[in-house]
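**Q** My structure is below; once you've seen it, I'll send some questions.
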Amino acid sequence: MQLNEKFRKKLNSLSGNSRIVLKNSVAAILIKGAGVIISVLSMPAFLRYFDDKAVLGVWYTILGVVTWIDFFDLGIGNGLRNSLVDSFTNQRHERAQQQISTAYVLIGILTVLMMTAGLVTAPLLDWNSLLNIRAEVVSSEVLEAAVRNVFIGVTLHFFLKLISSVIYALQKSAWNHALSLIGNILRLAFVLLAPSTNAQSNLLMLSRAYVYLACLPYMVATFAVFATKLRDVRPRVRMFRRDAVCEIAAVGGVFFLCQLLYMLLMNTNDFCITYFTDPANTTEYNIYFKLFSLAGTLAQVALTPVWSAVTKAFYEKSYGWLRQLYRKCLLLMLPVLGGQLLLACLLQPVVDLWLGTKAIQVRYDFALVFALWGVLFTFQNVLSTFACGLGRLKLQLGFYAASVAAKYIFLILAYQYTDNWILVILSNVIVMLPYCIAQHIQLQKIFGTMEASNA
């Protein structure tokens, strides 16, 4: 009770922008904390459900590859997010409706095109070869069907997820974390309650359920938001405007390129491990990943409302507040660094407690690489949040492009001599570090220039 009262007093003493950021960050962290618990429970549940690490590795790889679709919105989501902040801040409701309607029409067209292309192409590919799994373990028919089902679910999710950009623009970021939590709960419930037969049947059954599990929370949220808070600006086809396309695309085009490059850099680890080594290794990778990404994920959650707050403060010319906020966000690095190093030292007993003593034999050199990755992952999130909020993306774009090229050249050369899967994570560490240094220097210069112009 005393803590609650202290928090309220602290909240009331803050400025408007700071109050919004703090409220959303605290709510998001609490929601994500519940999500972390669900994630921790999910790993042993999935291990029991499949009872075959290779098939589980295939499932993670399918999800990892197919969910790349989320990055192919041509930057429309992020462009809409930044444009709507301006419209909402200045009470331009008709313009907001035009922006929302235009974005939904564009995303709808992309959804139809991608679904058509994917369903036509899927039967033509040798998924067993692509996913490096023998037909005796998972038949080509089952694998193709599983990929097709997940593809349909992800494509529909791609369309429905546009509501997230609208929610972010409203500075209600905690709502999006709640949607993600609901989806994770539904997936865990299915794995725990669904009848288990064999690995192949379980893979096919889970892929079918994924269509509904991925889409349901966002479908409900879309109807809820546009039936209540944003009833006056709900999307209508007749409100589509070509000038809104240009406005969204001008901001979103660079966002898209950054998203695409980031996906190729950070979201291909499952596929790279599967392709260069063995699908079973992706299960071990995900054990390390889930633990060492916890601190970074919580920090990322805390940073979620910062993006739109930065955009809003920029339009309001609150430049001093922006620099102060950046300094406070950098303080996140201290507990993250300490937490990563502590986890690296205690990893084996943590894994044994979590998954049992026979799950994996921890390698502490692997743990150190993941600890370094976790720190840089968090630092990168802080930097990109401010760069994206300010719309200053040229440096990020250049470094991401160079980093992608460097990562894959490194992997192709390195795997001529070894098959150690940790090289995939090491490559991320090596290529992320130069970007983090350069982006920090650029942000300091931007803040200095803005404050000088304001003076």
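Taken together, the values in this text are just the output of simple stated rules run on the coordinates, not laboratory data. Predicted model, so just to flag it, every value in this text is computed and none were measured. Positions of Cβ are generated from backbone atoms using ideal geometry, with glycine treated the same way; all protein chains shown enter the neighbour counts.
**Q** Just to be sure I understand the model, the point goes 7 Å from the Cα along the line to the Cβ. What's the resulting Q91 to L119 distance in nm?
**A** 4.7
**Q** Using only the alpha-carbon atoms, how far is helix 16-50 inclined from the longest principal axis of the chain? Give it as 0 to 90 degrees, nearest 10.
**A** Roughly 10 degrees between the two axes.
**Q** Can you give the calculated 222 nm mean residue ellipticity of the chain, where each DSSP H run of n ≥ 4 adds -39,500 (n - 2.57) and the sum is split over every residue, rounded to the nearest 500 deg cm²/dmol? Can you show the working numbers first?
**A** Working: 20 runs with 369 residues, N = 455.
Computed ellipticity for the chain at 222 nm equals -27500 deg cm²/dmol.
**Q** Same structure again: Which pairs, out of K290/K328; K312/K445; K312/K394; K229/K445; K172/K407, put more than 30 Å between their alpha-carbon atoms? Don't skip to the end; give the middle numbers.
**A** Values: K290/K328 26 Å; K312/K445 20 Å; K312/K394 21 Å; K229/K445 39 Å; K172/K407 36 Å.
From K290/K328; K312/K445; K312/K394; K229/K445; K172/K407, over 30 Å: K229/K445; K172/K407.
**Q** Here's another thing I want to ask about it. Kirkwood hydrodynamic radius of the range 16-454 from all distinct Cα pairs, in Å?
**A** Values: mean 1/r = 0.0438 Å⁻¹.
Computed over the range 16-454, the radius equals 22.8 Å.
**Q** Let me ask something additional. Apply the Karplus curve 6.51 cos²θ - 1.76 cosθ + 1.60, θ = phi - 60°, to the phi angles in the range 118-135 and return the couplings in whole Hz, x for Gly and Pro.
**A** Couplings: x, 5, 6, 7, 3, x, 8, 9, 8, 5, 4, 6, 4, 9, 6, 10, 5, 5 Hz.
**Q** Pulled fully out, how much extra length does the chain show between L130 and D232, if you take 0.36 nm times their separation in residues and subtract their Cα-Cα distance?
**A** Working: separation 102, 0.36 × 102 = 36.72 nm, distance 4.75 nm.
Stretched fully, the L130-D232 segment lengthens by 32.0 nm.
**Q** In addition: Neighbouring Cβ atoms within 10 Å as the yardstick, rank K53, K290 fewest first. Show your work: numbers first, answer last.
**A** Values: K53 19, K290 16.
By the 10 Å Cβ count, ascending: K290, K53.
**Q** Here's a follow-up. Could you please state, rounded to a whole Å, how far the C-alpha centre of the range 114-176 is from the C-alpha centre of the range 404-455?
**A** Cα centres, the range 114-176 to the range 404-455: 28 Å.
**Q** Just to be sure I understand the model, the point goes 7 Å from the Cα along the line to the Cβ. What's the resulting I109 to R48 distance in nm?
**A** Each label point is offset 7 Å from its Cα along the Cβ direction, giving 4.9 nm.
**Q** Using label points projected 7 Å from each Cα along Cα→Cβ, tell me how many nm separate Q361 and K317, to one decimal.
**A** Here the answer is 6.6 nm between the modelled labels.
**Q** Return one number: the angle in degrees, 0 to 90 and rounded to the nearest 10, between the long axis of the Cα atoms of helix 199-227 and the longest principal axis of the Cα atoms of the chain.
**A** 10
**Q** Would you be so kind as to identify which of G118, C329, N149 lies farthest towards the positive end of the dipole of the chain, taking Lys and Arg as +1 and Asp and Glu as -1 on Cβ and the Cα centre as origin?
**A** Ranked along the dipole, the leading option is C329.
**Q** Counting residues in the range 280-363 as N, plug N into 2.2 N^0.38 Å and put the Cα Rg over that result. Mind dumping the intermediate values first?
**A** Working: Rg = 18.0 Å, N = 84, 2.2 N^0.38 = 11.8 Å.
This ratio for the range 280-363 stands at 1.52.
**Q** Here's a follow-up. In whole percent, what relative contact order does the range 16-454 give with Cα contacts below 8 Å and a gap of six or more residues? Write down the numbers at each step before the final one.
**A** Numbers: 556 pairs, mean separation 109.2, N = 439.
Once divided by the residue count of the range 16-454, the mean separation gives 25 percent.
**Q** What FRET efficiency, computed as 1/(1 + (r/R0)^6) with R0 = 25 Å and r the Cβ-Cβ distance, is obtained for T449 and K328, rounded to the nearest 0.05? Show your work: numbers first, answer last.
**A** On the way: r = 21 Å, r/R0 = 0.83.
Efficiency at R0 = 25 Å is approximately 0.75.
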